[in-house]
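Contents: one structure, followed by commentary.
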Amino acid sequence: MAARARILALTEDSGRQAQPTLQRILKEALKLVVVGVDLNPTRIRIEPLPENDRALHAIHANQWKAHPPTRDTVILLSAIAARLLEPGGFVVFHFDTDRVWSKRESSENRQKFEAIIRNGVRRVLQGEGAPPVNPRARPSLTAAQVEAALNRLLILSPCYSIESWLYQATNELHPLCQGRHASQKHAQLIAEWATDRTRLDEVHQPKDVMEECVADHHNETLSSSFPAEDVWLAERSFHESVERLRACTALVEALAHPVT
Ligand SMILES: [Zn+2]
């Protein structure tokens, strides 16, 4: 059976837990986009870049934010463009906003993503820049086709960082924290985060707040208990990212396609 969607999942976080964490969060987001969606991996494929792919170097270690783009970023832009042109091809790119929700408009990362990544992919789709390996393999696209492909480049952009979402798994977070230290201060904070799910989006550098105990050591575990619907209802950065996915008609159609 052919896959209805092939989603290239990219995260700027490196490390063993980063990709499974992103995939888990993305799946929870997709379940909110289309209620009852069948995420059978033969139909909805969510894939990382191959290990050792040079494009990975560009995503990790902040290289993708460099202007002009590095050689590795140029490879990344081509990889993204290639996926967007495939039938059922989508790209989901996670980067941290590095700002709290109320300061998100000043996020350099968001600005750099649009200026360097989205515009860079646009140039590749328009056939500008380095010549392709096989020029005949690339059909020339109309302006409308270029924009339609770019609409399939989607972002997950948490405020402040991915931990702002993961720490919402307060039932898991509390024992992980208190197992490391009997911090009343942290217990109080976690209780506040559980009571009001808008709060974590306003915490500056949450990973540093929990540096002595949880930090980013348990991201994959926390992602398994992410209370997606509650966090979506809080209408902060997770909601914003889910609604961006929902605005992609091609994605909604791929997810909602009835099983035949
Ligand atoms: Zn703690």
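With unit charges on the beta carbons (Lys and Arg positive, Asp and Glu negative) and the dipole taken about the Cα centre of the chain, which residue among 79, 200, 116 sits farthest to the positive side?
79
Using per-residue counts of other Cβ atoms within 10 Å, averaged over each peptide, order 215-224, 108-117, 21-30 from highest down.
Ranked from most to least packed, the peptides come out as 21-30, 215-224, 108-117.
Find which of 187, 213, 150 sits farthest along the positive direction of the dipole of the chain, computed with +1 on the beta-carbon of Lys and Arg, -1 on that of Asp and Glu, about the Cα centre.
Most positive-ward Cα: 150.
Once the piece of chain linking residue 181 and residue 61 is laid out straight, how much longer is it, given 0.36 nm per residue of separation minus the C-alpha distance between them?
So the extension gain works out to 40.1 nm.
Counting only residues 5 or more places away or on other chains, whose amide H sits under 5 Å from the amide H of residue 46 once H atoms are built in the peptide plane?
When sequence neighbours closer than 5 places are left aside, the close amide H contacts are 7.
Taking R0 as 35 Å, what FRET efficiency do you get between residue 31 and residue 106 from their Cβ-Cβ distance, rounded to the nearest 0.05?
0.65
Report the calculated FRET efficiency for residue 250 and residue 221 (r = Cβ-Cβ distance, R0 = 30 Å), to the nearest 0.05.
Result of the calculation: an efficiency of 0.35.
Quick one: dipole size for region 1-103, taken about the Cα centre, charges +1 on Lys/Arg Cβ and -1 on Asp/Glu Cβ, in debye to the nearest 20.
Taking the Cα centre of region 1-103 as origin, the dipole is about 200 debye.
Over region 1-86, what relative contact order in percent results from Cα pairs under 8 Å that are six or more residues apart?
33 percent.
Run the dipole for region 203-260 about the Cα centre, Lys and Arg Cβ at +1, Asp and Glu Cβ at -1, nothing else charged, and hand back the magnitude in debye, nearest 20.
Rounded to the nearest 20 debye, it is 260 debye.
From Cα coordinates alone, what are the radius of gyration and Dmax values for region 185-233 in angstrom?
In Å, with Rg to one decimal and Dmax whole: 11.1, 30.
Which of 9, 102, 257 sits farthest toward the positive end of the charge dipole of the chain, with +1 on the Cβ of Lys and Arg and -1 on the Cβ of Asp and Glu?
Positive-most Cα among the choices belongs to 257.
What is the Cα convex hull volume of region 74-127 when expressed per residue in Å³?
Per residue, the Cα convex hull of region 74-127 comes to 84 Å³.
Answer rounded, prolate or oblate for region 143-215, using the Cα gyration tensor with square roots of eigenvalues a ≥ b ≥ c: rounded when a/c is under 1.5, else prolate when a/b is larger than b/c, else oblate.
Prolate.
Across 10 Å bins from the origin, how do the percents of Cα pairs in region 21-61 run, short distances first?
Bins of 10 Å from zero give 24, 43, 25, 8 percent of pairs.
Going by Cα centres, region 160-185 and region 14-37 are how many Å apart?
Going from one Cα centre to the other spans 20 Å.
Between rounded, prolate and oblate, where does region 1-71 land on the alpha carbon gyration tensor, with a ≥ b ≥ c its root eigenvalues, rounded for a/c under 1.5, else prolate if a/b exceeds b/c?
Prolate.
Counting just the Cα atoms, what span does region 5-150 cover along each of its three principal axes? Round to the nearest Å and put the largest first.
Principal extents (Cα only, largest first): 40, 36, 31 Å.
Find the Rg to Rh ratio for the chain, where Rh is the Kirkwood radius over alpha-carbon pairs and Rg uses the same atoms.
Using Cα coordinates only, the ratio equals 0.99.
In percent, what relative contact order does the chain have, based on Cα pairs under 8 Å that are 6 or more apart in sequence?
24 percent
Mean residue ellipticity at 222 nm from the helices of the chain, using -39,500 (n - 2.57) per DSSP H segment of n ≥ 4 over the full residue count, to the nearest 500 deg cm²/dmol?
-12500 deg cm²/dmol
What's the tally of Lys pairs in the chain whose alpha-carbon atoms lie under 29 angstrom apart, where the two lysines are 8 or more places apart or on different chains?
The result is 15.
In whole Å, largest first, what are the principal axis extents of the Cα atoms in region 168-258?
50, 22, 20
Given +1 on the Cβ of Lys and Arg, -1 on the Cβ of Asp and Glu, and no further charges, what dipole in debye does the chain carry about its Cα centre, rounded to the nearest 20?
960 debye
Values in this text are rule-based calculations from the coordinates and carry no lab data. What you see is a predicted model, and the numbers here were worked out from it, not measured in a lab. Counting neighbours? That spans all protein chains shown, and the Cβs are built from the backbone with ideal geometry, glycine included.
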